[in-house]
Amino acid sequence: MADALIEQWRLTVLRVQLDLAERTPLVKADLLSYSDAGTQAHSDWHSSFAPQEFGLLTGPGIPEKLRVPPRLTQEVLEVLSARRDEEFTLWLRLVPPYGHLGAVPWERDLVQLTGRAMVRVPDRLPVATDPGEDWTVAVLVSDDKAQAHVAAGCVRSFLSELTQAVRGNVVAHVFADAAIYQHLKADGTVTAHLHDPRKAAATRRERPGRKARQNRGRGTTATPPPYPDRGLSWTDWIAAELAGGPAVRALHVMANASFDDERPLLRVSPDPRRPCTGGNCVYLSGDDLRLLADGIGASVLSLASSPHNPSDLATRMLADGLGLRRSGATLYSYMELDLTGRALAQAHAALASRGEDPAPRHWSLFAYIQPEQVQDLLREEWPDPEQPDQAWLTGRAPIDDSATSLEILPTALGLAPGEATLSLYRQASSVPGWMALSERFIESKAADLVQTAAVPGETPAMKQAYDRGTAQALAELRELLDRRVEQS
């Protein structure tokens, strides 16, 4: 990978937008590149497509098979072929709202043909802080009982590849259902902390006495869905086992997926002490996964879709929805094209190196990464989304659309740790979990402000007062956390 750093990446963006303004919906695509100043974009290619060319449905429902139109692939390839002497990564920006376009296998077609790495651009949010040098990863894996040996093999191979790919020390915590746990324990070669699923019962019994609910947060509905337990046995167990220890930098999840109407969900066993059997399973939503990652301090979240996953489309939609609106990086892996987990491990390694290693060029995965996290690899400056005609980069209205936004959003987007705190984070092999958890809390609340405060026009007076108070409180919390870290 180091050879790729000889020349920095040119800035090239494939922008895709679902246009519903006309009587007949269209998918519009532009291939944009930027001047050396990084401020002026020019279009190298533009075209429009009928949604059906991507496999999208004209009405409600879940599409059976999504694809990149051959015409789009061919025309983009012709444009990029003229730039073979340049080192660049192709950035994909899906402009919200875009429906099922996020589940289209863009990387599977374009990376393989162009030979370029491809990274998805999330909404502009505060960039996640990633403390410590050790790459500590928590792995959640649940599968049907008949596939337990396959799942165990996938975990074993991924952890082996991860140890080889990451430059520094790798610390892995594996949370598997009983059947997978027994396979991993009997193997004896897995260098990870294998957490005994029998402990999950004790942590689950403690829940009624707790005041805070892990399934409460942005995006949850007032009426709980009709799923027993919602996989909270798993989230309680993982949070309890990791509490009080060093910070976890990544959460990796491998489980089958399905749809509830049009909502994607992951299926896990009702109790980690038993594997899934038949239809006996419970579900984790995107909100549950996001809250679990935040709750253990993980900035990176990765989802793996196994070769026998009954709904890879649901897993892709989950990962895409999470990646678009998370401050930290979000990864998706299609294991049928990466059976050993090598490409996924290299993606983790690129994040562990904090941008020193480029993203892997592999068509089995996609990654959502904030451009600021890899700015050192870009030849041009990433365009300022607050400038005219750049609002498509943010996922929200421009800051100067309202006085409220002008006052609140600069604070929300500027809640980064101080230099002394960042220096400690970069030098320490690991930091206490409470530090990472505090960072995730600040980032999550700041992201809420970014997504709700930046709306055209003025928000109601009560909402303005609430947002101002929240922004001020977060700024004070940032200062308090910096002082606490410096004294540690």
Check your understanding: At what distance in angstrom do the alpha carbon centres of region 258-328 and region 346-374 lie from each other?
Key -> 21
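So, counting K/R as plus one and D/E as minus one, what does the shell of residues with Cβ under 9 Å around H46 add up to?
That sum, taken over residues with Cβ under 9 Å, equals -1.
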Check your understanding: How much accessible surface does T191 have with a 1.4 Å probe, in Å² rounded to 10?
Key -> 110
Review point. F54 accessible area, nearest 10 Å², 1.4 Å probe?
Key: 0
Check your understanding: Can you work out ³J(HN,Hα) from phi for every residue in region 90-106, in order, using Karplus 6.51 cos²θ - 1.76 cosθ + 1.60 and θ = phi - 60°, giving whole Hz and x for Gly and Pro?
Key -> 8, 8, 9, 10, 8, 7, x, x, 9, x, 8, 4, x, 8, 5, x, 4
Check your understanding: By a straight-distance test (C-alpha under 29 Å), which lysines pair with K65 as possible cross-link partners, with residues fewer than eight away in the same chain excluded?
Key -> K28, K145
Review point. Alpha carbon centre of region 417-488 versus region 53-131: separation in Å?
Key: 32
Check your understanding: Just the accessible area per residue of region 296-337, please: how many Å² with a 1.4 Å probe?
Key -> 19
Review point. Considering only DSSP states other than H, G, I, E and B, which trypsin sites (Lys or Arg not before Pro) in region 320-370 qualify as loop sites with at most 16 other Cβ atoms within 10 Å?
Key: R354
Check your understanding: With every protein chain left in place, what is the accessible area per residue of region 55-164 in square angstrom, probe 1.4 Å?
Key -> 37
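Probe radius 1.4 Å, ligands and nucleic acids left out: which of R156, R267, R484, R440 has the largest accessible area, and how do the rest follow? Could the numbers behind the result be given before it?
On the way: R156 75, R267 45, R484 125, R440 10 Å².
Ranking R156, R267, R484, R440 by accessible area, largest first, yields R484, R156, R267, R440.
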Check your understanding: Ignoring ligands, DNA and RNA, what percent of the 1.4 Å accessible area of region 246-291 is carbon and sulfur?
Key -> 45
Check your understanding: K463: which lysines have alpha carbons under 27 Å from its alpha carbon, excluding same-chain residues fewer than 8 sequence positions away?
Key -> K211, K445
Practice item. Express the carbon and sulfur contribution to the solvent-accessible surface of region 407-488 as a percent, rounded to the nearest whole number, probe 1.4 angstrom. Key: 59
Exercise for review: Report Y466's accessible area, 1.4 Å probe, all protein chains in place, as a number in Å² to the nearest 10.
Suggested key: 150
Check your understanding: Which shape class applies to region 79-134: rounded if a/c is under 1.5, otherwise prolate when a/b exceeds b/c and oblate if not, where a ≥ b ≥ c are the square roots of the Cα gyration tensor eigenvalues?
Key -> oblate
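The values are calculated or read from the model by the stated rules, or taken from the named source; none is laboratory data. Just so it is clear, the model here is predicted, and its values are computed rather than measured. Reconstructed Cβ throughout: ideal geometry from the backbone, glycine too, with neighbour counts over all protein chains shown. Keep in mind that these areas ignore ligands, DNA and RNA; they rest on the heavy atoms of the full protein, side chains included. Shrake-Rupley method; radii C 1.70, N 1.55, O 1.52, S 1.80 Å.
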